[in-house]
Structure formats: C-alpha cells, structure tokens
C-alpha cells in the first residue's frame, strides 16, 4: 500500500471511530459488552481485583474523594444525562414533543410504563424487607439499549415507531430523574443556591450568544460539584445544563449549540461513560448460591416482573387509552403489534435502573440481588421485544413483496 494512502487512512481513523460511536446500535452494544465484562470479572478469579478497583478512592485528600464506582455513577453518567437533557430540550422546542397531540400518546404510554411496573413490583414484594423501596427500580427505560435493539430488529417498520420509542423513553426518563431528585436527595440550601446561580448564568450566557468552551466547561463542573455538595444526585446537573442550552439556531448559524454539544458528546457518552458505568455497576455474583438466593428473593423477582410484565402492560394500555379517548393520535402507519413490541422493549432498564438500585438499597447483598433482577428483566425484555419486532418486520416485508 502506498505510503500516502496509509497516512491518509491513519488520519481518517479517529473520525471513523467517532462516526461509529454515533450509530444508535453502537451505544447499546457497548453497554451490553460492559455489563457482560462486569459479570465475567465478578464471577472469575479476577473478582477480588475487580472489587478492589471499584472500591479504590480517587481524588484530593480531605477535599473531594470518591471511589471508582461512584465516579462512574455520579460523574461519568452525568454526561449521559447531559445528552438526554439536550435531546429533551430539542424535542420540546422543535421536535415531536412540540406538537401536543402527537406527543401525548407516547407521553401517556410512558406514564403507564411508570405506574404499572411500580404497582407490579410493590404487589410482589409487599411485606418483604426492602419491599417498600423497590418500586422505582423497574420504571426506567434505557434509551441507548432500546433504540439499538429497535434499529437491529425493526428495519422494515415505519420510522414513526422510532419517534414513538424515543419520545416515550425521554418522557420515561423525566419521571426517573424526578424520582432520583425527590426520593434520594436531602438538599443543602447553600450549595443548591450556588447550583441555581450557575444554571442561571449558563442560561444568560446562552441568551447572549457567548460560545467560548473555556467558560462553559468550568461552569459545568461547578454545577456538578454544587449539586453533589447539595446532596442531590449530581447526574441531574447534566439534565439541567442540557435544558438551559439554546436549541434554535440563529440566522446564518450552521447548528444550534444544543445540537452541536449533543453531536460532540454523544460518542463519549455512548462509547465511554455508559459502558464504564455498566462495567462497574453490573458486576454481581452469579454462582449457584447467588442464583438460589435470587430465585427465592421476592424483591429481586419483583424487579424482573416489573420490567417485563409491568412495562409491557403499562405502555400498551397507556397508548391504547390515549388513542381510544382521543387524548393522543397513533401514527397512521403504525399497528398495535408494533406498539406491543416497543412496550416489551421498554423493559430494558439497564443504566437508570442500575443507578436507582444503587441509590435505593444500601445493603450490598440486597443491592446485588436487585441488580441481578435488573439484568434478568432487561435481558428477557430485550429478547422477547426483539422477537416480536422481528416478526412484525418480516410481516411488513411480505406485505410489500405481495404489493
């Protein structure tokens, strides 16, 4: 191969990697790889090293110290939530959530996908130690993983199905974020006031069209530290910063700041932040003793049932009620079989469900059982949802061939 061609390909490689990380299926695949590697590490001779690494403290002594697992959950995951916040702002201002009638069907479906899984989890875990704490765990949908499965298994289905899932997952995440803020935070006034001031300054600078990253990066870090010191889960800083970012481009502006930042951060979120979080959060023991304990633990089984049955029933009934009573409008090219497949797929809790499991359960043994429930429920939902969507996709291809 000529030397110039080798040099050109070497220069193109980083751009190709970034382009690959922006593909929807990539984030879900890397998330799955991170979770699988965590399970391998936790159930192999490397388990002691794995535990030692994730409980190693990093930071400045007597100033700011977190262990590796908390850095992944509190800091790296803030980038994921920043991308979610930017996408939410874009959908609210210029996207599907801007039109009330279109937005209401997936939003009401998302509400069903929060209420029913919570009710299923409470019903199954009622009376058990920790049973009252389990209900928030199965209410979340992992956007990256669900969209990745949809992209792989529903290529022949209408693009409006992806919009339905995306809108539903965003509305779902709003509920999950609100739960994290309300249930697992005891706000301290002064740091919270600092956080509000920083967000207001961010919003003001956006309104004044200030574009220097050397201003926004320190402000973003200040917002994160202030919220952490306020005893509010610091990942919410990402959502707040995303919502405070300008989403409409000015005349002559190639793209608005929200889209530019989302475009820049999405590869890092999908390729680094979420997989590392999965690696340090999904490592639970799956030996015979652990699986026996899991099978006998009603709290962990409540998570499985909430993610699979609760999401399937809640999302489907919510969408049907919205359509039946005229609160929302189902896209004309969608069938109820498509909605059922997506409803099952919404049981992929992964990222946010694992985070809530860590926040809801301080007992390590119970936390590991609940995390096993998250992994089991998400896996079953992904496999069954993929199968239903694949059947629907093949049916659509047959109909097109016959026409």
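With no solvent and one equal point scatterer per Cα, compute the Debye intensity ratio I(q)/I(0) for the chain at 0.13 Å⁻¹ and report its log10, rounded to two decimals.
-1.16
Per residue and in Å³, how big is the convex hull formed by the alpha-carbon atoms of region 65-219?
186
In Å³ and rounded to a whole number, note down the convex hull volume per residue for the Cα atoms of region 260-359.
173
Binned at 5 Å from 0, what are the whole-percent values of the Cα-Cα distance distribution for region 257-309, short to long?
P(r) over region 257-309, rounded to whole percents: 4, 15, 12, 15, 15, 12, 10, 8, 6, 3, 0.
In a Debye calculation with equal point scatterers on the alpha-carbon sites of region 194-349 and no solvent, what is log10 I(q)/I(0) at q = 0.09, 0.17 Å⁻¹?
Calculated log10 I(q)/I(0) at the listed q: -0.55, -1.09.
Rg and Dmax of region 53-133 over Cα atoms: what are they, in angstrom?
19.5, 53
Over all distinct Cα pairs, what is the inverse of the mean 1/r for region 128-200, reported as the Kirkwood hydrodynamic radius in Å?
15.2
How far apart, in nanometres, would the label points at residue 207 and residue 183 be if each is projected 7 angstrom from Cα along the Cα-to-Cβ direction?
Here the answer is 3.5 nm between the modelled labels.
Hey, how many Å between the Cα centroid of region 157-204 and the Cα centroid of region 327-403?
What the calculation gives is 22 Å, centre to centre.
Helix-only mean residue ellipticity at 222 nm, the chain, DSSP H runs n ≥ 4 weighted -39,500 (n - 2.57), per residue, nearest 500. What is it?
-23000 deg cm²/dmol
May I have the pair-distance distribution P(r) for region 30-85, computed from all Cα-Cα distances with 5 Å bins from 0 and rounded to whole percent?
Reading upward from the zero bin: 4, 17, 17, 24, 18, 12, 7, 1.
Each value in this text was obtained by applying a stated rule to the coordinates, not by laboratory testing. As the structure is a computational prediction, the values presented were derived from the model and not from experiment. Backbone-built Cβ (ideal geometry, glycine too); neighbour counts: all protein chains shown.
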